[in-house]
1. I need the full set of residues from segment 30-67 which are assigned to a helix (DSSP H, G or I) and either modelled with pLDDT of 95 or more or within 19 Å of residue 111 (Cα to Cα) (or both), in order please.
2. Please find, among 79, 108, the residue that is within 17 Å of residue 53 (Cα to Cα), surrounded by fewer than 19 Cβ atoms within 10 Å (Cβ to Cβ), out of contact with any helix residue (DSSP H, G or I) (no Cβ under 9 Å at 6 or more places or on another chain) and touching a residue at least 24 places away in the same chain (Cβ under 8 Å).
3. Is it fair to say residue 123 is more than 17 Å from residue 179 (Cβ to Cβ) and modelled with pLDDT under 95?
4. Identify, please: which residue in segment 264-279 is more than 29 Å from the chain's Cα centre (by Cα) and buried (at least 20 other Cβ atoms within 10 Å of the Cβ) and is, among those, farthest from residue 217 (Cα to Cα)?
5. Of all residues in segment 262-279 being at pLDDT 95 or above and outside any strand (DSSP E or B), which is nearest to residue 293 (Cα to Cα)?
6. Could you list, ordered by first residue, the pairs with Cβ atoms under 7 Å in which the first is in segment 123-146 and under 12 Å from residue 93 (Cβ atoms) and the second is modelled with pLDDT under 90 and buried (at least 19 other Cβ atoms within 10 Å of the Cβ), at least 6 apart or interchain?
7. Pick out the one residue from 239, 245, 199 that is touching a strand residue (DSSP E or B) at 6+ places or on another chain (Cβ under 6 Å), outside any loop (DSSP other than H, G, I, E, B), surrounded by fewer than 20 Cβ atoms within 10 Å (Cβ to Cβ) and free of Cβ contacts under 8 Å to residues at least 60 places away in the same chain.
């Protein structure tokens, strides 16, 4: 009986050994998978291989955290009607979709907040970094973005550094845009409703810092600097602008404002003039600025 028992124990030894090796290997692979940086994002203790999966599963009030730098051509679609945050944690997020006009993020619904973003388009990418549609809201708290935005929903900029990478405009606004801080290199074009409460906008070529093609804009504060032959603010015949503050800096011989629409000025500092080429006379109250009629 002892010999028989011994044979049984011996026969089970390789099986147990193989079983324990399997468990060890599985545990090692799971640990290596987490430590190697393969997951792209996490929500709490839940890990995701791509941003789309994280966005699809995020719940109200949760934060998606980027875990590593990435170069991707993924077009992330935000469809759920939830309020959540994406913390890019300062990692470089490169959007690479050469020759394809699609966006890095299309926000169709919900309320998305962005923090510590470091995002840029690679050479040849033709889409926008963010496209915000009618029912959606996007708030940028801080970070650096090299690329463009298109907004037909609600876009709020608290702070950050923005450069449109030689595209048409750093922001093309068709919805509601509020800027309270940040620095912008290149123009902002608006056909919707815009409220500028701070920040700085600079252009170096022949494009104005602000171009109101249609809709309305209120400028309460901010610094607008032209280093080239362009005016600081251009208003088309379908635009309506109210200026109650801000500093407008143009080179010698260049106007601060080209007004072809409706303009009211009750504050602000101008180092040059307002050129009026409109059927409407501008309303200027208590502001020492020269007005010329082109």
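The values are calculated or read from the model by the stated rules, or taken from the named source; none is laboratory data. Just so you know, these numbers come straight off a predicted model, no measurement behind them. All Cβ positions, even for glycine, are placed from backbone atoms using ideal geometry, and neighbour counts span all protein chains on display.
1. Kept after step one, since they are assigned to a helix (DSSP H, G or I), are these residues of segment 30-67: 30-35, 51-57.
Those that are assigned to a helix (DSSP H, G or I) and either modelled with pLDDT of 95 or more or within 19 Å of residue 111 (Cα to Cα) (or both): 51, 52, 53, 54, 55, 56, 57.
2. Details: 79 fails: out of contact with any helix residue (DSSP H, G or I) (no Cβ under 9 Å at 6 or more places or on another chain).
Answer to the check: 108.
3. So residue 123 fits the description; yes.
4. Ranking the candidates gives 272 first.
5. Ranking the qualifying residues of segment 262-279, first place goes to 272.
6. As it stands, the answer is 129/121; 146/121, since those pairs meet every condition given.
7. Every option except 245 fails the conditions.
Listed here are the residues, each with its yes/no results for (1) under 21 Å from residue 239 (Cβ atoms); (2) modelled with pLDDT under 95; (3) more than 16 Å from the chain's Cα centre (by Cα).
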position	(1), (2), (3)
159	no, no, no
162	no, no, no
171	yes, no, no
176	yes, no, no
182	no, no, no
188	yes, no, no
193	yes, no, yes
204	no, yes, yes
211	yes, no, yes
